[in-house]
Amino acid sequence: MSILQANKWLIGNISAGLIASATLWEGTKYYAYYDIVGVPTVCMGYTGSGIVFGRRYTQAECTNYLKTELVIHSTGVLNCIKKPLKENEFSALTLFTYNVGISGACSSRAFSLFNTGNTIAACDALAHSPLGKPVWSYTNNGAVFVNGLYKRRLYEKAMCLGEGNV
C-alpha cells in the first residue's frame, strides 16, 4: 500500500505528546515481564524480539524501543488510512495501533470509518461498538473486560477528537 500524499508530512512525526501518551498508558518497567495476556514485554510496552528476562534495561534503551515501535506503528497507520489526517487523529490512531497491532487496527471498524470520511464516528469506534458497548477493552478472546483498556480507549477517542488536554 502507498501512503496518501496529503499524509506524507506525518511520516516519522512522533510528537512529544504521543511519546508521553504511550508512556502514560504503557508504564515503564526496566525488567522483562509477561503482560496481561502472557506476552513477554519490557520497557514501555515493547513486545518485539530479543527480550531477556532477568536483565535490567536502561532508560535510553526503553526510549529507543518506544520511538522505534511508534515509527513502525505510525507507518502502519499511514498505510491503512486513505484520507488526510490531522496530527491529533494521527497520534490517537498510532497510540491505538501500538496497543492492538497494525493488523488489528487496519481491519478495525474505526479505520474503515476513517477511510469513508466519517471522522467523528471513527474516533468513537476506537472505544465503542455501534451499540455503545466498549470495544478493544477485553482479553482472553473477549471473555474478560479490562477497565484500564477501556479508559485507554476513551483517552484515544478524546485525543482523536481533539478534546481536552490529552
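Of the residues making up the range 141-166, those that are part of a loop (DSSP other than H, G, I, E, B) and exposed (fewer than 11 other Cβ atoms within 10 Å of the Cβ) are 141, 142, 143, 164, 165. Highlighted here are the helices (runs of 4 or more DSSP H) found entirely within the range 1-110 that include at least 3 residues which are at pLDDT 95 or above and touching a Leu at 6+ places or on another chain (Cβ under 9 Å): 16-26, 59-80, 87-100. Evaluate the range 1-15: report whether one residue or more is under 30 Å from residue 144 (Cβ atoms) and out of contact with any His (no Cβ under 6 Å at 6 or more places or on another chain). Among the residues of the range 1-15, not one is under 30 Å from residue 144 (Cβ atoms) and out of contact with any His (no Cβ under 6 Å at 6 or more places or on another chain), which makes the answer no. The residue of the range 111-128 that is nearest to residue 151 (Cα to Cα), among those that are free of Cβ contacts under 8 Å to residues at least 24 places away in the same chain and assigned to a helix (DSSP H, G or I), is 125.
Those residues that are buried (at least 20 other Cβ atoms within 10 Å of the Cβ) and either basic (Lys, Arg) or more than 8 Å from the chain's Cα centre (by Cα) (or both), I need them from the range 71-90; list them, please. Within the range 71-90, 74, 76, 77, 78, 80, 81, 85, 89, 90 meet the criteria.
Restricting 31, 65 to those that are out of contact with any Ser or Thr (no Cβ under 8 Å at 6 or more places or on another chain), of a type outside the set (D, E, K, R), farther than 15 Å from residue 92 by Cα and crowded, with 18+ Cβ neighbours inside 10 Å reduces the list to 65.
Filtered by the rule that a residue be within 16 Å of residue 100 (Cβ to Cβ) and among the small types (Gly, Ala, Ser), the range 114-141 gives 122, 125, 127, 129, 137. Every listed requirement among (1) out of contact with any Pro (no Cβ under 9 Å at 6 or more places or on another chain); (2) surrounded by fewer than 20 Cβ atoms within 10 Å (Cβ to Cβ); (3) hydrophobic (A, V, I, L, M, F, W, C) is met by residue 122 save one, (2).
The values are calculated or read from the model by the stated rules, or taken from the named source; none is laboratory data. From a predicted model like this one, the values you see are computed outputs, not experimental measurements. Don't worry about glycine lacking a Cβ; one is built from the backbone with ideal geometry, like all the others, and counts go over all protein chains shown.
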